[in-house]
1. Going down the table (Lys311/Lys354; Lys157/Lys327; Lys157/Lys311; Lys122/Lys402; Lys200/Lys354), which pairs top 30 Å between alpha carbons?
2. If amide H atoms are built 1.01 Å from N in the plane of the peptide, which residues on other chains or at least 5 residues away come under 5 Å of the amide H of Val363?
3. Go through the range 285-295 residue by residue and turn each phi into a ³J(HN,Hα) via Karplus (6.51, -1.76, 1.60, θ = phi - 60°); whole Hz please, and just put x for glycine and proline.
4. Can you give me the distance in nm between label points at Glu300 and Asp153, each placed 7 Å from the Cα along the Cα-to-Cβ direction?
5. In nanometres, what is the gap between the two model label sites at Arg265 and Asp125, each 7 Å from Cα along Cα-to-Cβ?
6. HN-Hα J couplings of the range 189-204 from phi, Karplus 6.51/-1.76/1.60, θ = phi - 60°, integer Hz, Gly and Pro as x?
7. So, by mean Cβ neighbours within 10 angstrom, what's the order for 124-137, 164-177, 211-224 with the highest one leading?
8. With r defined as the distance between the Cβ atoms of Thr345 and Arg106 and R0 fixed at 45 Å, what FRET efficiency is calculated, to the nearest 0.05?
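Only the coordinates and a few stated rules stand behind these numbers; no lab work does. The structure displayed is predicted, hence computed values, not measured ones. Neighbour counts are summed over all protein chains in view; Cβ atoms, including those assigned to glycine, are modelled from backbone coordinates with ideal geometry.
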Amino acid sequence: MCGCVTNALGFCRGQRPPTLLATCRKSLTDRELEEQAHNITRGGNAAIAKTAPQSDSRGALLSRRRSGTPTVQFKVVAPLLNLAELDLPELEAALADRGHERFHARQLYRWIYKRGVTDFEKMTDLSKTLRARLATEFEVVTPKVVSDQRSVDGTRKFVLELADQRCIEAVFIPDTPAMTFCISTQVGCAMGCGFCLTGKMGLVRNLTAGEIAGQVRVLAAATGLLDHPFNIVLMGMGEPLHNYDGTMKALRMLHDENGLSVSPRRVTLSTVGIVPGLERLAHEPLMPNLAISLHATTDEQRSELVPPNRKYPLAEILETCRRFPLKRRSRITFEYVMLEGVNDTPEDARRLAKLLSGIKAKVNLIPLNPAPGIPYERPSDERVDRFAQILADRYLTVSVRKSRGQDIRAACGQLIVEGGVKKSAAQQMALLMR
Ligand code: SAH
Ligand code: SF4
């Protein structure tokens, strides 16, 4: 702490908000005062009111006692609790802790998730007094839309800014055949797959559960789907099993019947196959559909394309998949990004069919979405069809993913914001060329 504030004289209890009294030797600017209060409260959310010492009986007493020493009074407000991070039981507990009725939690959930309202003042089935108190105790932090681009095919890419100014991307894909939100679980990604722009960013940080669920709140409100069914694919930026707790808590929050009531059957989690994460997932009560990003049929090639394969090789992943508990009629999707001349030969297709034998599997072929800085090419439609036919001949269900939102760089693997801070197209290009 800077020496200007010579004494933090303690909190004046019994006042709301609590008041911190301190003395300083010289006059400080407002900014310096704010810094001091911030230091004294150890980074607490300090809203500061500087008042004349004489206007407060304790302040006046202090200035008399320390004749000649100006007394500065800070009002310190306890940090607001962010309700966006709480599941329903946590929200009930937070309300009870502050002397409110627990049942208000369900009302709050309905406002925040079902109706997209985060301003307590507008929650009209709560009393005015309660609304006013909630506003002094809580906040609902929501990702801010900084851009909303529309593709010719109806896909919309949202750049969302988080509380720390990091940015992420989330994509709305209509008619696939359902409405689908593709959302992010991390800012960037640590996995470093050679064909993916997000991988080029490296990992900036995990998203919190509130930020993951917040993307769905924002997209559902922006697309008018708060009251309609939609699918969620965890196929935006990041590796969901590398942020296991944040991801699963977000799914619990989104599942709550007082909120958006998203059934796990409508959620698909796509992963490179982090085996301990898969094993935890196998025991989840709310289990989403599983998609494994396979992309190669030999360890040598997969370790090259998907570096985590060095730790969790093909045999281990596939063995975990064989044991994975699946509901009747459900299957694991195996995603396979097709890179021309690399992993798209008939031999690759035959090896893939063999690897998947004994697994309730379906294969989703994804012809590469090329981008500057990605050292691979997209194969021709004929090559993709031939590959698909070989799999189908071996009784595998195969689909070819249609690329959506290419014109606005919203397609798989095209999501990138440097350091989580949105860059212009030219700046992104420079980054990719490094
Ligand atoms: N990290 C997870 C989920 C996000 S990536 C995962 O890798 O599974 C979602 C999907 O997009 C993955 O299957 C990934 O392999 C695919 N993808 C990444 N880059 C791509 C690109 N350039 N073209 C096509 N698909 C890509
Ligand atoms: Fe990460 Fe998935 Fe991209 Fe690989 S493909 S770098 S795991 S986001």
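1. Details: Lys311/Lys354 22 Å; Lys157/Lys327 33 Å; Lys157/Lys311 33 Å; Lys122/Lys402 42 Å; Lys200/Lys354 32 Å.
From the list (Lys311/Lys354; Lys157/Lys327; Lys157/Lys311; Lys122/Lys402; Lys200/Lys354), the Cα-Cα distance tops 30 Å for Lys157/Lys327; Lys157/Lys311; Lys122/Lys402; Lys200/Lys354.
2. Close amide H contacts, sequence-distant or interchain: Phe334, Thr397, Val398, Ser399.
3. x, 9, 9, x, 5, 10, 10, 10, 7, 8, 6
4. Spacing of the two 7 Å Cα→Cβ label points: 3.5 nm.
5. Label-label distance for Arg265 and Asp125, simple model: 2.7 nm.
6. Each residue of the range 189-204 in turn: 7, 8, 6, x, 5, x, 10, 10, 5, 4, x, 5, 6, x, 8, 8 Hz.
7. Working: 124-137: 13.6, 164-177: 19.2, 211-224: 23.0.
Top to bottom by mean Cβ count within 10 Å: 211-224, 164-177, 124-137.
8. Numbers: r = 56 Å, r/R0 = 1.25.
Plugging the Cβ-Cβ distance into 1/(1 + (r/R0)^6) gives 0.20.
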